[in-house]
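Scroll down for the structure; my scribbles are underneath it.
The values are calculated or read from the model by the stated rules, or taken from the named source; none is laboratory data. Remember, it's a predicted structure, so these values are computed and weren't measured experimentally. As a convention, Cβ positions derive from the backbone with ideal geometry for all residues, glycine included, and neighbour counts pool all protein chains shown.
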Amino acid sequence: MISIKSQLKSLFFLLITIFTTNCTSQTADTIFMGGNIYTVNENKGKVEAVAIKDGKIMYAGTTEEATKLKGSKTQVINLNGKTMIPGFIDSHGHFMGMGYSKLILDLTQVETYAEIITMVEEAVEKAKPGEWIIGRGWHQDKWNDSKEGFLYGFPTHEELSAVSPKNPVVLRHASGHSELVNEKAMELAGISKSSLNEMKKNLSGGEIMSDENGNPTGILNESAMQLVGSKMPSDNDPKMAYKIIDLALQECRKNGVTGFHDAGTGQSAIDLYNEYKNKGKLTVRMHVMLRNDSTLLNNWFENGPVIDSVDHLLNVRSIKLVSDGALGNRGAWLLEDYSDKAGWRGLETTPVEQMQQVAMDALQYGFQVGTHAIGDRGNKEVLDIYEKAFKAYPQKKDPRFRIEHSQHLNLEDIPRFAELGVIASMQTIHMASDRPWAIDRLGEKRIEEGAYVWQKLLKTGATVINGTDVPVEPINPLAGFYAAITRKTLKGLPEGGYEAEQKMSRDEALKSYTLSGAYGSFEEDIKGTIEKGKLADFAILDKDIMTIPEEDILLTKVVMTVLGGEVIYSAE
């Protein structure tokens, strides 16, 4: 028989256990304090401290109240005057492309065609005969060349071919919608003066540029790139894939990016993301868009979208379509002729009928659609497609279809974004890079009425989300924030900014990179702001971007990145 003394002893220890457990459940794992903490919550603004428990925010408010949540095992991180914001969400980029760009010739900083020739010549010296040489990032409109000998502003292959006679060379344009190839690459693809006419007849949604004598220049636009791409060696080495994803994850961590919308990918990349997630190595929250491949889409339509409601790391619930090309290679689909190329209005890269069918199927099977559209004709066609789909499936509420880029809009189409509930997925950094030469393509009237019109969209009630289109641009979100509030190039030009009335406020710019980005992936209830119950995803900066002079924003550094309460990057 158990004695009364033993029963009292057991009861005593039970009470102690209950009390201790209760106290532990009320203490934070980590407390951040001592800095400028911007919540992006309109009602709260700034707070003094944030307490974290089990990867989520348990309190955001005063230092005094947060300190009450400190236990014996609580880690206290003093920000020492630094600035904490919700983790940046890059709402449009190409994840594996970002990693791959670190392994090839980086042409983003070249200022002349001669520099490219030198870089390729040096690469040829290190390569074996027949080995492919690949690069990306050049943009002819940013060069200091006189453009003498260029065709429609583009270089031709002769100098490139002269330094690489035994190596096929493929140099992808910064936009990803064009490339320059050498004679060896064209030879492997069967592109020659004698074959050109027949190849052009069979080409849909692309362009093989040729000179006045009918010789191919080496410039391939849109679908024509596949002519050479199909001859390039396929790299199925898993070690290479691991290296690429590791480099991409590293780029996100050091830039304070905790959310990433992968704009068009295939099953092999999704399988890799799943593998990294299961191993605890996926250090960014992914919103994946499936590329427009009928076999891939049919498989996903059969099984339905994947929504990660436990770890919130990997969602596959969107589809990427492409309606036109880029402005740099005159592939953007326009309603009127290009100002610098009479009789040319760009390219319809995917038939409207095909895009319409995918939009209908997406609604039926529960998928979001994000369609690349840069030109005003491309955007109009996509808005029409979406409107028809919404009318066909009125029972499908809040589909949050998006237009990726939404760069150049017809005045009449601007209010349609808000009216239809279509998200404008824009990249403010593109304005900084493209605006100095975009006026040559579009002319002053079209630029002023509908180019990069962030405020016009916001004032009609549209949601504008932000990103970089990496590797088209570097993933650095601070450059995009700067472009949004100044409408200047990264060299600080012009004084006052381009079309200054379209500038975002600092609050609007920060929201476009956080809460609005979360909305773009149906996750505004769990991330995008610093408030109780949300995921503890933060970027910590060495300067207060909400108050410092605008020229100091580009000097600001990410000093810490936090995902789910865990520090995944520290500059120190």
Completion exercise
Matching residues in the range 202-223 (within 26 Å of PRO474 (Cα to Cα) and part of a loop (DSSP other than H, G, I, E, B)) number 1
Problem - GLY443, sole failed condition from (1) among the small types (Gly, Ala, Ser); (2) free of Cβ contacts under 8 Å to residues at least 60 places away in the same chain; (3) on the phi > 0 side of the Ramachandran plot - result: (2)
Problem - Residue match in the range 407-418 (condition: more than 30 Å from LEU490 (Cα to Cα), out of contact with any helix residue (DSSP H, G or I) (no Cβ under 6 Å at 6 or more places or on another chain) and basic (Lys, Arg)) - result: no
Practice task
State yes or no: is GLY366 in contact (Cβ under 8 Å) with a residue 24 or more places away in the chain, farther than 27 Å from ASN410 by Cβ, touching a strand residue (DSSP E or B) at 6+ places or on another chain (Cβ under 9 Å) and of a type in the set (Gly, Ala, Ser)?
Solution key: yes
Problem - Members of the range 487-527 that are closer than 19 Å to MET546 by Cα, outside any loop (DSSP other than H, G, I, E, B) and of a type outside the set (Ser, Thr, Tyr) - result: ALA500, GLN502, ARG506, ASP507, GLU508, ALA509, LEU510, LYS511, LEU515, GLY517
Completion exercise
Of the conditions (1) over 29 Å from SER268 (Cβ atoms); (2) polar (S, T, N, Q); (3) part of a loop (DSSP other than H, G, I, E, B), the single one that SER175 does not satisfy is (1)
Practice task
Having 1 or more residues that are free of Cβ contacts under 8 Å to residues at least 60 places away in the same chain is the bar; report the strands (runs of 3 or more DSSP E) wholly within the range 22-141 that clear it.
Solution key: 30-38, 46-53, 56-61, 75-78, 133-138
Problem - Matching residues in the range 340-393 - criterion: being surrounded by 15 or more Cβ atoms within 10 Å (Cβ to Cβ), of a type in the set (D, E, K, R) and not in a helix (DSSP H, G or I) - result: ASP340, ARG345, GLU348
Practice task
Just need a number here: residues in the range 380-418 that are free of Cβ contacts under 8 Å to residues at least 40 places away in the same chain, of a type outside the set (A, V, I, L, M) and closer than 20 Å to TRP454 by Cβ.
Solution key: 3
Practice task
Output the number of the condition that MET286 fails; it satisfies all remaining conditions of (1) hydrophobic (A, V, I, L, M, F, W, C); (2) surrounded by 21 or more Cβ atoms within 10 Å (Cβ to Cβ); (3) free of Cβ contacts under 8 Å to residues at least 60 places away in the same chain.
Solution key: (3)
Practice task
Check ALA479, ALA483 and return the single one that is in the same structural domain as GLY450 (by TED's automatic domain parsing), modelled with pLDDT of 95 or more, in a helix (DSSP H, G or I) and crowded, with 24+ Cβ neighbours inside 10 Å.
Solution key: ALA483
Practice task
Please go through the range 308-329 and pick out each residue that is modelled with pLDDT of 95 or more and over 19 Å from the mean Cα position of the chain (by Cα).
Solution key: ASP308, SER309, VAL310, ASP311
Problem - Qualifying residue in the range 198-215 (condition: in contact with a Gly (Cβ under 7 Å, 6 or more places away or on another chain) and not assigned by TED's automatic domain parsing to the domain that holds ASP469) - result: no
Exercise for the section: Tell me, yes or no, whether the range 236-256 has at least one residue that is surrounded by 15 or more Cβ atoms within 10 Å (Cβ to Cβ), in a loop (DSSP other than H, G, I, E, B) and not charged (D, E, K, R). Expected result: yes
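To keep it simple, each residue is scored yes or no on (1) touching a residue at least 60 places away in the same chain (Cβ under 8 Å); (2) touching a strand residue (DSSP E or B) at 6+ places or on another chain (Cβ under 7 Å); (3) assigned to a loop (DSSP other than H, G, I, E, B).
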residue: PHE260; (1), (2), (3): yes, yes, no
residue: GLY264; (1), (2), (3): yes, yes, no
residue: GLU275; (1), (2), (3): no, no, no
residue: ASN298; (1), (2), (3): no, no, no
residue: VAL310; (1), (2), (3): no, no, yes
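Looking at this structure, is GLU404 assigned to a strand (DSSP E or B) and closer than 30 Å to LYS102 by Cβ?
yes
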Practice task
Only one of these is out of contact with any helix residue (DSSP H, G or I) (no Cβ under 8 Å at 6 or more places or on another chain) and within 27 Å of TYR100 (Cα to Cα): LYS231, LYS201, LYS239. Name it.
Solution key: LYS239
